[in-house]
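Participant: Quick one: this structure, given as structure tokens, is what I'll be asking you about.
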Amino acid sequence: MKEELEYLKKELARERAARMEAERQVHDLTMMSDRQKTFLLSLQTGVMVEDENRHILLVNQHFCNLFGIPASPFDMVGWDCSDTAEQSKHLFAEPEIFTGRITTLLAERRLVLQEEIWLADGRCFSRDYVPVFIEGRYKGHLWNYSDITRQKTSEIKLKRREEKYRRIIENMNIGLLEVDLQGHIHYANQSFCTMSGYLVDELIGKVAEDLFMEHSNDDKKIILERHEMRKKGLYDAYEVRIRHHSGEPKWWLISGAPIYDDIGNPIGSIGIHLDITMQKDLEINLTQARKIAEETARAKEVFLANMSHEIRTPLNAILGLGNQLSKTSLDPIQESFLNAINTSSDNLLVIINDILDYSKIEAGKMRIEHIGFEMTSLLRQIELTLSQNARSKGLEFILETDESLAPVLIGDPYRINQAILNLLSNSIKFTEKGTILLGCRVKDTSETEQQLTITVEDTGIGIDPKFLGSIFQKFSQENVNAARKYGGTGLGMAITYQLVSLMKGTIEIESQKGEGTKAEITLRFPIGNKRDLPVKEERHVNIDVLRGKRILIVEDNQLNRVVAGTILGTYKVEVTEAVNGQEAIDLMKTHDFDLVLMDMQMPVIDGLTATKIIRSEISRDVPIIALTANALQGEQDKCMEAGMDDFITKPFIESRLLEVILKHLDHSERPAM
């Protein structure tokens, strides 16, 4: 019995010692200084301290807030956290992984910092695990949680943007290359490798310009200049020729920018590379094509100028001599022959003018005026011009105008007149009997503008509907027989269409074979007033002024000298002739002249050169008037720049020649009162 009591005493003593040791261990963890407790409790991160059996010794309010625990931190002391699986079932995104990780941490008892944990509600926490050892013995651990959801979300968005732009760059086949200040390659992406034909290992450490540039290539200097710019912190974009790994020449567009270290010093550059070989080849081909087109246009202009000169020069003689001949006494047969000659000459002049007009339109040199004009007066003048032609064929000419037409409109009366005359000339030409109608009605009107529809209608031979689709094409005529019978170039409708288009209008043609044709032009004009009309000054001229005047005619064509001399001789002008520019210069050095008529294209010295010499060496005052068979745009500007005073186009009529000469000789002319 005594032995049993001794045994019980010993067992009780051992239990008391064990309890005291456990209480001491708890005391070691719980009996912290007030300063330490206060520090842990006031942290803005979630802190929880557990003993080695996973009983809570300390927890702060922020921990409760993070995990949505309704209990207070003091009530949680003593809670058992060993059942991790049950506690994490609905709290974490992947509870099994979370539970397994806790088991691993507790088993390894190693410090772990900033471990990411995703919660089921989408939040992300950063966790620290701190094992606690006292005198080498494991006494528990500390958990520290921080909400890094915003930071992580930003990182994810940034990563997605980077991935997005990376994919965009890859899809755009943009090559990225990083080099140091000496040009050594540090980084190249796959797109750059594909562009250059090199592998990454073949690029790293190499000097870029040595790989891609010929030693004699001037573009290598461009690269070196750009490297110097990067050292100064400058960036730009430039095109450069390079050599592909295969030896094939390529064109790259490079956009470069400097790279800086942490303290702002440039340490290299990064370049974005685009392969623009295809675009560059296209650009070169287009440049060559444009050059060829410009040369073709110049050749065409020279051809037209020569054609104009070669045709207009003899035509001037034909018309001029025909006009002089008509002033003499002729028998009926001679008069009929002369009329045929004059009519044929007029038709030939129309053809030439059509060709030159269309050439000006094609070259974009046709100018549209914006001046005041009276539409009603314009239409009546057209009626006076063409009604006689219609009546001579037994046709009735009808003019219909709208009473609501504005008295003054703003536009180009000359081009409107030309378009209407083209349509009416066709109608009269292709109509054998019936009527020709010219009408103008107001389609739409406002306080500031009017939209008009101009109609030309005939009862002529009509047009096959199949041909209407190509009627506005140049040199287009319905059939060869019509061309032979009625004449013309097939340019009239094409010119009309272009003129209407230049004036921002439309034209429509309706026709049936054998039933006539109807053309409608629709144009919109601003409404003007009397002040917008051009001022016309009528001048009284005195033909007697010409008597005794000394005029030098410089012309290599004998017949044209005869025409001009005959006209001027009628008015008692003293005419002197020169056949080229050199003769004109020599004559002016020894004779005084009141005026010079200067041809442009002549042998030895042409008219422009002769005029420049006269102006610089002989006289700056004597009037020099250009006589040219070149009616192309720009010819008059050349004459004025050379020092000429005026410009007459061949073939000229007598009244026009006299008007220009008197303009420069009759200093007593005055505006009509």
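Participant: Going through the range 115-129 one residue at a time, which ones are farther than 17 Å from GLY68 by Cβ and either of a type outside the set (Phe, Trp, Tyr) or not assigned by TED's automatic domain parsing to the domain that holds GLY46 (or both)?
Facilitator: Residues of the range 115-129 farther than 17 Å from GLY68 by Cβ: 115-116, 126, 128-129.
GLU115, GLU116, SER126, ASP128 - these are the residues of the range 115-129 that are farther than 17 Å from GLY68 by Cβ and either of a type outside the set (Phe, Trp, Tyr) or not assigned by TED's automatic domain parsing to the domain that holds GLY46 (or both).
Participant: Go through the range 458-470 and give me each residue that's modelled with pLDDT under 90 and either within 37 Å of the chain's Cα centre (by Cα) or part of a strand (DSSP E or B) (or both).
Facilitator: PHE467, LEU468, GLY469, SER470
Participant: Follow-up. Taking the conditions exactly as written (buried (at least 18 other Cβ atoms within 10 Å of the Cβ), closer than 27 Å to LEU325 by Cβ and at pLDDT 90 or above), does LEU595 satisfy them or not? Talk me through it step by step, then tell me what you get.
Facilitator: Numbers: buried (at least 18 other Cβ atoms within 10 Å of the Cβ): yes; closer than 27 Å to LEU325 by Cβ: yes; at pLDDT 90 or above: yes.
Judged against the criteria, LEU595 is a match.
Participant: Name the strands (runs of 3 or more DSSP E) wholly inside the range 510-596 in which the number of residues that are small (Gly, Ala, Ser), in contact with a strand residue (DSSP E or B) (Cβ under 8 Å, 6 or more places away or on another chain) and touching a residue at least 12 places away in the same chain (Cβ under 8 Å) is 1 or more. Full working, then the answer.
Facilitator: On the way: elements: 516-526, 550-554, 574-578.
By residue number, 516-526, 574-578.
Participant: Report yes if VAL573 is surrounded by 14 or more Cβ atoms within 10 Å (Cβ to Cβ), modelled with pLDDT under 90, under 16 Å from HIS664 (Cβ atoms) and over 54 Å from the mean Cα position of the chain (by Cα), otherwise no.
Facilitator: no
Participant: Could you please let me know if LYS549 is farther than 23 Å from ILE585 by Cα and either surrounded by 12 or more Cβ atoms within 10 Å (Cβ to Cβ) or in contact with a Pro (Cβ under 9 Å, 6 or more places away or on another chain) (or both)? Reasoning before the result, please.
Facilitator: Values: farther than 23 Å from ILE585 by Cα: no; either surrounded by 12 or more Cβ atoms within 10 Å (Cβ to Cβ) or in contact with a Pro (Cβ under 9 Å, 6 or more places away or on another chain) (or both): yes.
Criteria not met by LYS549.
Participant: Being in contact with a Gly (Cβ under 9 Å, 6 or more places away or on another chain) and touching a residue at least 12 places away in the same chain (Cβ under 8 Å) is the requirement here; does THR609 meet it? Full working, then the answer.
Facilitator: Details: in contact with a Gly (Cβ under 9 Å, 6 or more places away or on another chain): yes; touching a residue at least 12 places away in the same chain (Cβ under 8 Å): yes.
So THR609 fits the description; yes.
Participant: Does LEU321 count as surrounded by 16 or more Cβ atoms within 10 Å (Cβ to Cβ) and at pLDDT 70 or above?
Facilitator: On the way: surrounded by 16 or more Cβ atoms within 10 Å (Cβ to Cβ): yes; at pLDDT 70 or above: yes.
Here the answer is yes, as LEU321 does meet what is asked.
Participant: Can I ask one more? Select, from GLY140, GLY78, the only residue that is at pLDDT 85 or above and touching a His at 6+ places or on another chain (Cβ under 7 Å). Give the derivation first.
Facilitator: Values: GLY140 fails: touching a His at 6+ places or on another chain (Cβ under 7 Å).
Sole residue among the options that is at pLDDT 85 or above and touching a His at 6+ places or on another chain (Cβ under 7 Å): GLY78.
Participant: Take the residues of the range 498-519 that are farther than 26 Å from GLU432 by Cβ and of a type outside the set (D, E, K, R): which is surrounded by the most Cβ atoms within 10 Å (Cβ to Cβ)? First the steps, then the outcome.
Facilitator: Step one: of the range 498-519, the residues farther than 26 Å from GLU432 by Cβ are 498-506.
Going one step further and asking which of them are of a type outside the set (D, E, K, R), we end up with 498-503, 505-506.
On the way: GLN498: 21, LEU499: 24, VAL500: 20, SER501: 13, LEU502: 16, MET503: 20, GLY505: 20, THR506: 13.
For the range 498-519, the residue satisfying everything is LEU499.
Participant: Any residue in the range 157-179 that is more than 30 Å from TRP251 (Cα to Cα) and either among the acidic types (Asp, Glu) or more than 46 Å from the chain's Cα centre (by Cα) (or both)?
Facilitator: The answer is no, given that none of the residues of the range 157-179 is more than 30 Å from TRP251 (Cα to Cα) and either among the acidic types (Asp, Glu) or more than 46 Å from the chain's Cα centre (by Cα) (or both).
Participant: A follow-up question, please. Name the strands (runs of 3 or more DSSP E) wholly within the range 89-188 that hold at least 1 residues that are farther than 30 Å from LEU224 by Cα? Give the steps one after another, and end with the answer.
Facilitator: Numbers: elements: 112-118, 124-134, 137-147, 175-180, 185-188.
Ranges flagged: 112-118, 124-134, 137-147.
Participant: Taking the range 189-206, which residues are in a loop (DSSP other than H, G, I, E, B) and not hydroxyl-bearing (Ser, Thr, Tyr)? I'd like the intermediate steps shown before the answer.
Facilitator: Keep residues of the range 189-206 that are in a loop (DSSP other than H, G, I, E, B), which gives 189, 197-199, 204-206.
Those that are in a loop (DSSP other than H, G, I, E, B) and not hydroxyl-bearing (Ser, Thr, Tyr): ASN189, GLY197, LEU199, ILE204, GLY205, LYS206.
Participant: Please return the ranges of strands (runs of 3 or more DSSP E) entirely within the range 366-457 where 2 or more residues are closer than 15 Å to ASP532 by Cβ. Steps first, please.
Facilitator: Numbers: elements: 371-373, 396-401, 409-411, 435-445.
The strands (runs of 3 or more DSSP E) meeting that bar are 371-373, 409-411.
Participant: Sticking with this structure for a sec: Would you mind telling me which numbered condition in (1) exposed (fewer than 11 other Cβ atoms within 10 Å of the Cβ); (2) touching a residue at least 60 places away in the same chain (Cβ under 8 Å) ARG161 fails?
Facilitator: ARG161 satisfies every listed condition except (2).
The values are calculated or read from the model by the stated rules, or taken from the named source; none is laboratory data. Nothing here was measured: the structure is a model prediction, and the numbers come from that model. Note that each Cβ is placed from the backbone with ideal geometry, even for glycine, and that neighbours are counted across all protein chains shown.
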